[in-house]
Amino acid sequence: MITRRDMLLASGGIMIAGGTLTSSTAVADEAKELFFHSTTPNNAEPKLDDLVKSWITPTKHFYVRSHAPNPVIDPKDFQLKVEGMVNRPSSLSLKSLERFKTRSTTATLTCAGNRRSEYNAEGKVGGVQWQSGAIGNATWQGVALADVLKEAELTPDAKHVWFEGLDEIEKGGGIIPFGGSIPIAKAMIASGAGAPLLANSMNGAALTPDHGFPLRTLVPGYIGARSVKWLGRIVVSDRPSPNHYVATAYKIVKKTDPIDWTESGPIYRYPINAAICTPNANTNTKLSTGEIDLSGYVLPTGRPGSTVKKVLVSADQGKRWTEATMVGKDNEFCWQLWNAKVKVTAGTKRLIVRALDTSGGFMPYRVPWNAKGYLQNSWYQLPVQVN
Ligand SMILES: Nc1nc2c(c(=O)[nH]1)N[C@H]1C(S)=C(S)[C@@H](COP(=O)(O)O)O[C@H]1N2
Ligand SMILES: [Mo]
């Protein structure tokens, strides 16, 4: 039998399981089984039936969101710069990062634009027209950002940590890197599920080029945009990063103008969210009356100490709700999969899911529209036809 691995080896690709930071050369991307919104750059999401097949999302089913083509990075020359409000600025090779303790965490990554396309019914929103697949749960390995910052010795004014990618994005007639920023209190969490990582591995293999080879940040609980891929520079500062993707994009605004941008702050945490994945809009929404199985995902908000309390589904426009059964670990920074049975009747117009968390958070019936289409976490409503 020819396996995927054999094919990669035959085509000159290299598979790495675990591997140390330095032994890895760029890995041939395992063939993605995704729906591509664009290919230069890659923006793609899985089919929803694939998404709920496993609690850990295999890399081939893990969404990709990139603002520019993947930079080609030679790991031998790679250097991570650590600068700004630190007493000991440094430039770290992949080899020199190995002196820090290896840490691993399982965490869900989700794009702030997940479910964006649902806003269009109310008013057109620009950007990648994500359905509900811009989310995935993976195991990440690397070193704690906090360990690297401790060695750099923060000065007393340090309040924010900026991340800069090595990608080159055409913007406003110039070229800029993708940038992220997180508050120092989050950055300094060194251990446990919420600790931000400088990750070099995903699901037990070296990061693929699509996911940030050779190094990315992974910030559990925060929108995907703060998990900067192809990480090249860390800057410690007394304010959030001035990079476009912190200072302008990834904000909740009614209009894309300078007043709205300056009046609202960067998004950090994502809200509680859930979606129905089977059945789904691309497959079987023509239903017969009787009991049917539903499945989907639920993600608690990335607030420490807050987990999912209840997932509720309805097949009668919200008159009666049935509690779904959870699958997968109950963890603050990971999604869970859920299953439920509902009774479809001649009066069923849509299937609905909503969720509640242990700190009083809930998915609203309808989240207010915003110009960039972020943080869509209204009740997830799947229109169906009953014959
Ligand atoms: N350097 C860089 N990092 C980036 C991005 C990017 O375009 N460039 N996209 C961000 C966004 S918006 C998301 S949602 C996540 C997606 O991570 P993934 O492609 O590994 O799923 O990466 C983030 N990190
Ligand atoms: Mo994103």
Those residues of region 190-210 which are within 22 Å of Asn273 (Cβ to Cβ) and buried (at least 24 other Cβ atoms within 10 Å of the Cβ) amount to Pro196, Met202
Screening Val228, Val236 for residues that are assigned by TED's automatic domain parsing to the domain that holds Phe62 and assigned to a loop (DSSP other than H, G, I, E, B) leaves only Val228
Does any residue of region 374-381 turn out to be closer than 23 Å to Glu122 by Cα, assigned to a strand (DSSP E or B) and at pLDDT 95 or above?
-> yes
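What are the residues in region 74-89 that are open to solvent by 40 Å² or more (accessible area, probe 1.4 Å) and farther than 18 Å from Leu197 by Cα, if any? Before you say what the answer is, go through the steps one by one.
Initial filter on region 74-89 (open to solvent by 40 Å² or more (accessible area, probe 1.4 Å)): 74, 76-77, 79, 81, 83-85, 87-89.
Matches in region 74-89: Asp74, Lys76, Asp77, Gly84, Met85, Asn87, Arg88, Pro89.
Matching residues to (1) assigned to a loop (DSSP other than H, G, I, E, B); (2) within 16 Å of ligand 1 (Cβ to nearest atom):
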residue	(1), (2)
Val72	yes, yes
Lys76	yes, no
Lys81	no, yes
Arg88	yes, no
Arg103	no, no
Scanning region 161-181 for residues that are part of a strand (DSSP E or B) and of a type in the set (D, E, K, R), the one most open to solvent (accessible area, probe 1.4 Å) turns out to be Glu170
When restricted to Asp50, Asp77, the only residue more than 20 Å from Leu109 (Cα to Cα), at pLDDT 50 or above, of a type in the set (D, E, K, R) and assigned by TED's automatic domain parsing to the domain that holds Ala225 is Asp77
Condition set open to solvent by less than 10 Å² (accessible area, probe 1.4 Å) and more than 16 Å from ligand 2 (Cβ to nearest atom), scope region 90-123, selection farthest from Trp55 (Cα to Cα): answer is Leu92
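Which count do you get for residues in region 307-322 that are touching a Ser or Thr at 6+ places or on another chain (Cβ under 9 Å), assigned to a loop (DSSP other than H, G, I, E, B) and more than 19 Å from Trp55 (Cβ to Cβ)?
Let us first name the residues in region 307-322 that are touching a Ser or Thr at 6+ places or on another chain (Cβ under 9 Å), namely 307-309, 311-317, 320-322.
Remaining after also requiring assigned to a loop (DSSP other than H, G, I, E, B): 307, 315-317, 320-321.
Then drop every residue that is not more than 19 Å from Trp55 (Cβ to Cβ), which leaves 315-317, 320-321.
Of the residues in region 307-322, 5 are touching a Ser or Thr at 6+ places or on another chain (Cβ under 9 Å), assigned to a loop (DSSP other than H, G, I, E, B) and more than 19 Å from Trp55 (Cβ to Cβ).
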Looking at region 270-278, is at least one residue assigned by TED's automatic domain parsing to the domain that holds Gly360 and open to solvent by 50 Å² or more (accessible area, probe 1.4 Å)?
no
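The values are calculated or read from the model by the stated rules, or taken from the named source; none is laboratory data. What you see is a predicted model, and the numbers here were worked out from it, not measured in a lab. Note that we place each Cβ from the backbone using ideal geometry, even for glycine, and neighbour counts take in every protein chain shown. Ligands, DNA and RNA are stripped out before the accessible areas are found, and what is left, the full protein with its side chains, is counted by its heavy atoms. Shrake-Rupley method; radii C 1.70, N 1.55, O 1.52, S 1.80 Å.
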